[in-house]
Amino acid sequence: MIFTSRFAPSPTGHIHLGNARTALFAFWAARQSGGRFIIRMEDTDQARSPAELAKALLEDLRWLGLDWDEGPDCGGPHGPYTQMERLPVYNDLLQRLLDTGHAYPCFCKADELSAEREAQRAAGKAPRYSGRCRAISAAEAQRRLVVGEEATLRFAVPRSGTLRVEDLVWGERAYSLADLGDFVLRRSDGSPSFFFANAVDDALMGVNLVLRGEDHLSNTPRQILILQALGLPVPDYGHLPLLQGSDGQPLSKRNGAASLRELRSAGYLPAALRNYLGQLGHHYPATHWRSDAELIADFSLARIGRAPAQFDHEQLQYWQEQALQHLRLDDLVAWLRPHLTLVPEEQISGFVAAIRGNVHLPADAGAWAECCFLPLVISEAVRAELAESGAEFWLQAQACYQERPDDFRAWTRQLAQRSGRKGRSLYHPLRLALTGREQGPELAQLLPLLSHEEVLRRLAPIPS
Ligand code: GLU
C-alpha cells in the first residue's frame, strides 16, 4: 500500500521529543511505501499560534532530517497548507453539512454549557452536550442568526448505533454513538474546530495514513462521522502510545521533556535523535546504528508497541556516541568548530581525531582543547597521586621522552625498561601527568598536540 501521510503540528509551542517521534514515524511510513509526506500547520487557535513559531517548527523539522513533498513553505497541489488560509474550504463543507441535516446551529451560551456539564458530573455521568438546540427548527434558527445571535455549529451525531474503528496500533475499538454527544464543528467566532478542520484536510489532501499521539484516540470516531457525512474518504489511523518521562510520569521539564531546539543547541546530532526515536515505542529487528535508508527500510507499523514509551537519557547518550562515531571527520570538525578556538588551525584535524571518542557534546571539545593548549591545572588529589610515583620516575620519563619525543611507543617502552613498571602502573601516572585526568583519548594521539616544552613541564617531578 502506498501511504500518503502527514504531520500536522499546532504551532503553539516548540516541538518536543514526543511530537518529533510522531513526525518521524509518519515520514518513514510514507517514504518506505514510496508515498507522499505532507506538513500542515494547524493554526486555528490564533491566540496561541504566533507566526514565528510556525517558522521555527519547520526549521526544527528540517534539522531533524525530514523533508516533505507538500507544505506551507513549498506549496503543492492541495494547498494552502496553513489552516487559517483554508477558511473558505471549511465554510463550503460546513454549509454542505447544514444542508444535508448533519449539522445545526447551537445557541447555548458558555455558562449554560458549563452548568450542564457540572450537573452531569455531579450525577456521575460523563459530560456531553444534551443536544438541546437540535430541536430548533431550521426557520427558527435562521431567524435567530439573522438578528445576529451568536451560534456555534454542531454535528448531529446519530442517536444510536456503534462505530467500529480499526486502529493500526490498538486494533478494533467500538464506540457507542449515543455516548459521543453532538460536538462543535465551528466556533462562534467562525473558526473551525480541530475535529472538523483536521479530518477534512486529511481527506482533501489525499492523506490515507494518520499517525498521531494516543491523546487523539477518542477524537477518531467523531472525525470518521464527519468524513462519512461528507462522503469523503476515511484514512487509516494509528495512535502512538504517549512518551513518558524517565520516571514514568507525563513528560515534563523535570524528567526529560526537551524541545528539539534545546537538544540542538546543546549539541545533539539529528542522526542520534533519529536512531533514538526510531527505537522508542517501535522496535527494529535488531538494535544497531542505522543510516537513514535503513531507518526507513526497516521501519514497520506492525512493530509499534502499545506500552507507553519512556524517555531514557542514557539511551540518548548512547545514540549520540554512535552518531559521532559515524560522522565524517570534516563534519565532526564543522560541528565542533565554535569550541576549537584554542586549537591552531594546522592541528585541528589531529586534535579532533584524537578526542572524537571522548566527546558527547561540542562543549566537551572545549575542555580537551584547554587541556592540550593551555597550561595544565591539576587538582590537589592528582598532585598527591603524581608525587607518589617518586621524583626518579619522572626524571626517567623526561629523559626517555627527550630521546624519542616523536615516538610515544618507543619512549614508553624505554621508560618501562628503566622504571620496571608496565601496564597500568606505567600508563596511569603518565596519563594523569599529561592530562590531569583519569581517563581520556589515547595518549599516543594526544601527545603530538602538546609542545615539546609543555610535555617536559608536565612530566616534571612534583616538588614534595
Ligand atoms: N494539530 C494536532 C496536534 O498537534 C494534530 C493531531 C493529528 O495529527 O491529527 O495534536
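Here, each number is a calculation from the coordinates, and none is a lab measurement. It should be emphasised that the depicted structure is a prediction, and the values quoted were computed from it without experimental measurement. In this analysis, Cβ positions are derived from the backbone assuming ideal geometry, glycine residues included, and neighbour counts consider all displayed protein chains.
Going by neighbour counts of Cβ atoms within 10 Å, the residues ASP202, ASP364, ASP60, ASP99 line up, fewest first, as ASP99, ASP364, ASP60, ASP202.
What number comes out for the charge environment of ALA302, summing +1 per Lys or Arg and -1 per Asp or Glu over other residues with Cβ under 14 Å away?
Numbers: positive: ARG303, ARG306; negative: GLU166, ASP167, ASP236, ASP298.
Neighbourhood net charge equals -2.
Isolated cysteines of the chain, defined as having no other cysteine beta carbon under 4.7 Å away, are CYS74, CYS108, CYS371, CYS372, CYS400.
Principal axis extents of the C-alpha atoms in region 327-440 (largest first, rounded to whole Å): 44, 30, 22. All distinct Cα pairs of region 109-216 go into the 1/r average, and the inverse of that average, the Kirkwood radius, is 16.5 Å. Short to long, the 10 Å bins of the Cα pair-distance histogram for region 289-372 hold 15, 38, 25, 15, 7, 0 percent of all pairs.
How many percent of DSSP beta bridges within the chain run antiparallel, rounded to 5? Once the DSSP bridges in the chain are tallied, antiparallel ones form about 55 percent. Extension gain, ASP73-TYR284: 0.36 nm per intervening residue step, less the Cα-Cα distance, totals 72.7 nm. With the simple spin-label model, which puts each label point 7 Å out from Cα in the Cβ direction, the LEU145 to GLU454 separation comes to 7.8 nm. Put in line by how crowded their Cβ is, counting other Cβ atoms within 10 Å and starting with the fewest, MET205, MET1, MET84, MET41 read MET1, MET84, MET205, MET41.
Starting from a Cα-only point model with no solvent, please compute log10 I(q)/I(0) by Debye for region 218-298 at q = 0.20, 0.24 1/Å. Values, matching the q order: -1.00, -1.13.
On a C-alpha basis, how far is the centre of region 196-269 from the centre of region 440-460 in Å? Whole number, if you could? Region 196-269 and region 440-460 have Cα centres separated by 53 Å.
Once every DSSP H run of n ≥ 4 in the chain is given -39500 (n - 2.57) and the sum is divided by its residues, what mean residue ellipticity at 222 nm do you get, rounded to the nearest 500 deg cm²/dmol? Theoretical 222 nm ellipticity from helices: -13500 deg cm²/dmol.
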